[in-house]
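**Student:** One structure follows; several queries about it will come next.
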Amino acid sequence: MTSPVTVLVVDDSPTMRGLLTAALRRDPEIEVVGSAADPLEAREAIKRLNPDVITLDVEMPNMNGLEFLEKIMRLRPMPVVMVSTLTQNGADTTVAALELGAVDAIGKPMDGTPATIAFADLAAKVKAAARARVRPRGDAAAAVPAAPGDYRPDPNHVLAIGASTGGVEALLTILQGFPANCPATVITQHMPASFTRSFAARLDKVCAPTVTEAEDGAPVKPGHIYIAPGGEAHLEVSGGAAPRCRLLRSDTVNGHRPSVDVLFDSVARLNRPMTGVILTGMGKDGAKGLLNMREKGARTLGQDEGTSVVYGMPRAAHEIGAVERQLPLQRLRPAILDLCAASPRADTTAA
């Protein structure tokens, strides 16, 4: 019999600790071994209980969750799932936490939403976090070569990227080195509603291209990166000579909205050069869509197992033949840029 995933719940609100504990205990594969009201209590509980995963509140007394997370990732890296209010401040802080190395995030109940609905994905996120490869902050970004100063993208090329658990850090690693005239880029990253706007704003500050949360009808053009709105709509790309973002407000696909498969399938329908990339994440979303892209002539890349926080989505895509080449995170950026260049070199993605 497999041992249950052990969890420490850290939140300053007794009510919220109770709701989180109740949500987790509904899953027989999870054992809540303790709780803490602030980081000082949590530090002692971690030493005493050695949990597999921590759920961590963002705003707490004595030391906020972000400061505590930074200490955890520097001194004792372990899987952390952030639990945040769905406010602008909460979203900004959560994105910073994911950048620091938190594995995933979930929003607290708001506007009368029952905890059973708000925390419906909590157990799955915690179990995925327990399997995650957690590394000290900064390891993933090491030794990534800068983009060439004379880079010229193919103006007709569309780059589509899909990511989930661990994707914030992976996307930052890749996109921070994109030149201002990067290929037209569309991204679906599984994130709770309201968090993707903060993520796009964060990327826009640290990246040379213009990064925005996708809006319906926005033209897809070089020098721009478009992030699918979390939890609200699927992002598609449509149009012939002038491709545009389309937001499809429909049911979830593979349990997700936005879905990577929906994005990839829409790009596969475009009659133009295209590249698809699938990054770290749990589940299978994006695998079939990437295969569709490859069968329509796209170049396709996947993040390898060794650098994926959760090797789920890339594995699923690789196993069905959707991935032309698997590469470590540090080598994906130059490979992507080369495939999307006006005159790609043939050897950049060599193993």
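The values are calculated or read from the model by the stated rules, or taken from the named source; none is laboratory data. Treat the numbers as computed from the prediction; the structure is a model and nothing was measured. When we count neighbours, we look across all protein chains shown, and the Cβ atoms used for this are built from the backbone with ideal geometry, even at glycine. To get the accessible areas, we keep the full protein, side chains included, count just its heavy atoms, and leave off ligands, DNA and RNA. Shrake-Rupley method; radii C 1.70, N 1.55, O 1.52, S 1.80 Å.
**Student:** Give me a count of the residues in region 188-225 that are open to solvent by 10 Å² or more (accessible area, probe 1.4 Å) and assigned to a strand (DSSP E or B).
**Tutor:** 5
**Student:** May I pose another question? Restricting to helices (runs of 4 or more DSSP H) lying wholly in region 1-80: which have 1 or more residues that are surrounded by fewer than 19 Cβ atoms within 10 Å (Cβ to Cβ), over 25 Å from the mean Cα position of the chain (by Cα) and of a type in the set (D, E)? I'd like the intermediate steps shown before the answer.
**Tutor:** Details: elements: 14-25, 39-49, 65-75.
The helices (runs of 4 or more DSSP H) meeting that bar are 39-49.
**Student:** For region 233-253, which residues satisfy the criterion of being of a type outside the set (D, E), within 20 Å of P192 (Cα to Cα) and touching a helix residue (DSSP H, G or I) at 6+ places or on another chain (Cβ under 6 Å)?
**Tutor:** Correct list: H234, L235, V253.
**Student:** Given the structure, is K288 of a type in the set (D, E, K, R) and closer than 24 Å to A124 by Cβ? Walk me through how you get there before you give the answer.
**Tutor:** Numbers: of a type in the set (D, E, K, R): yes; closer than 24 Å to A124 by Cβ: yes.
Yes; evaluated as a whole, the condition is true for this residue.
**Student:** Just for region 246-261: of the residues that are under 16 Å from the mean Cα position of the chain (by Cα) and outside any loop (DSSP other than H, G, I, E, B), which one is surrounded by the most Cβ atoms within 10 Å (Cβ to Cβ)?
**Tutor:** The extreme case among them is V260.
**Student:** Still on this structure: Taking region 1-29, which residues are closer than 21 Å to P114 by Cα and hydrophobic (A, V, I, L, M, F, W, C)?
**Tutor:** V9, V10, M16, L19, L20, A22, A23, L24, listed by residue number.
**Student:** Continuing with this model, one more query. Considering region 226-245 alone, what residues qualify as being surrounded by fewer than 18 Cβ atoms within 10 Å (Cβ to Cβ) and either within 17 Å of the chain's Cα centre (by Cα) or of a type in the set (D, E) (or both)?
**Tutor:** First, the residues of region 226-245 that are surrounded by fewer than 18 Cβ atoms within 10 Å (Cβ to Cβ): 232, 238-242, 244.
Within region 226-245, E232 is the sole residue that qualifies.
**Student:** Out of everything in region 262-297 that is free of Cβ contacts under 8 Å to residues at least 40 places away in the same chain and in contact with a strand residue (DSSP E or B) (Cβ under 7 Å, 6 or more places away or on another chain), what residue ends up being least open to solvent (accessible area, probe 1.4 Å)?
**Tutor:** Looking only at region 262-297, we keep the residues that are free of Cβ contacts under 8 Å to residues at least 40 places away in the same chain, and these are 265-266, 268-269, 271, 284, 287-288, 291-292, 294-297.
Checking the rest, the ones that are also in contact with a strand residue (DSSP E or B) (Cβ under 7 Å, 6 or more places away or on another chain) come to 266, 294.
On the way: S266: 1, R294: 94 Å².
Looking at the filtered set, the residue picked out is S266.
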